[in-house]
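Engineer: Here it is, the structure, as C-alpha cells.
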Amino acid sequence: NGAGSGRFNHLVVDKNTGQIYVGAVNQLYQLTQDLQVVQYEMTGPQIDLNNSMKPLTDNYNKVLVIDYTTKRLITCGSILEGKCSLRSLQNISDKIQSVSEAVVANNGEASTVAFIAPGPPDPITNTIQQVMYVGATFTGNSTYRNVPSIASRSLDLDPDNLFEIATSDANTGTKMSVTQTSYIINYVYGFSSEGFSYFLTTQRKTVNDTSP
C-alpha cells in the first residue's frame, strides 16, 4: 500500500437505497446503511504518467458522485492525468466505462469539486440535460494545463461524448479558464439553485502576485 492509503476523501449516500459509498486514497468502499462492507476496490497505488520514474503513485479520490439518471457512480482519481470512470451502484468493482479525458486535479493536494445539475438548453430542441460541473485547481503537471478551471461535462453514455465539455451548440463550449499559473483557485463546494450553478472558492483578491 502507498503511504497515504486509507485516507478519507469523499462520502456519498444513495438517496434511493441508503447504500453508502466512500472514496479514499487508493481505495473505494461500498457499505450498507449499518456500515457493513458490501464491496471493496483497490484503485492504487499505480504507475502514473506524471511520475513514471517512481515505482508507484497513490491515487487520491477526487470525485465521488451518483448520477441518478443513469444509476451510475462516477469516480475520478488523481493519477493517469485525472481521469474518471462509471461504476455500478450495485457493485463498485464493476467498472462500466472509463475515458481518457483529463477531468480533475492530477495530484493529491490540488482541489476538485464536482456536482450534477441541469446544463444549458439545446438550441435546437430546447431540452435540458444533466451535466457534471467540475471546478479543478490548476497543477501545472503535464497536459493537465489544458483542463479548464470550471467546466460542465457531458454525461452522455456515448463513449465519444462521456465527460467531454458539454456544448450548447456546435461552436460553443461550457467552460471557463483563468490565468491559471499566477492565479490559483481553491475549490471548496459547488451547488445548483434556480437554474444557476455556483462554486465556493478561496483565492486572492486580484491576479497580482502580492494580493492577499
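No lab work stands behind these numbers, since they all come straight from the coordinates. Treat the numbers as computed from the prediction; the structure is a model and nothing was measured. Reconstructed Cβ throughout: ideal geometry from the backbone, glycine too, with neighbour counts over all protein chains shown.
Engineer: Work out how much length ASN91 to THR32 would gain on full extension: take 0.36 nm times their residue separation and subtract the Cα-Cα distance, in nm to one decimal.
Structural biologist: 20.0 nm is the gain from fully extending ASN91 to THR32.
Engineer: Within region 85-109, whose backbone N sits under 18 Å from a point 7 Å along Cα→Cβ of LEU56?
Structural biologist: 108
Engineer: Could I ask something else about it? Can you give the direction-averaged projected area of the convex hull of the alpha-carbon atoms in region 8-202, in nm²?
Structural biologist: About 11.7 nm², averaged over all directions.
Engineer: Within straight cross-link reach of LYS71, meaning Cα distance under 26 Å, which lysines are found once same-chain residues fewer than 8 apart are removed?
Structural biologist: Straight-line reach from LYS71, under 26 Å: LYS15, LYS62, LYS83, LYS95, LYS175.
Engineer: Excluding PRO159 itself, what net charge comes from residues whose Cβ is under 15 Å from its Cβ, given Lys and Arg +1 and Asp and Glu -1?
Structural biologist: My count for the surroundings of PRO159 gives -1.
Engineer: Turning to a different aspect of this structure: For ASP156 and ASN16, FRET efficiency with R0 = 22 Å and r from the beta-carbon atoms, rounded to 0.05?
Structural biologist: About 0.50, to the nearest 0.05.
Engineer: For region 8-202, with the dipole built from +1 on Lys and Arg beta-carbon atoms and -1 on Asp and Glu ones, taken about the Cα centre, which of TYR60, SER93, PHE199 lies farthest toward the positive end?
Structural biologist: So the residue furthest toward the plus end is TYR60.
Engineer: Follow-up. Where in region 67-96 is the amide nitrogen less than 12 Å from a point lying 7 Å along the Cα-to-Cβ axis of THR127?
Structural biologist: none
Engineer: Using the Cβ atoms and a cut-off under 11 Å, what net charge is assigned to the surroundings of ASP58, where Lys and Arg are +1 and Asp and Glu are -1?
Structural biologist: Result for the local shell: +1.
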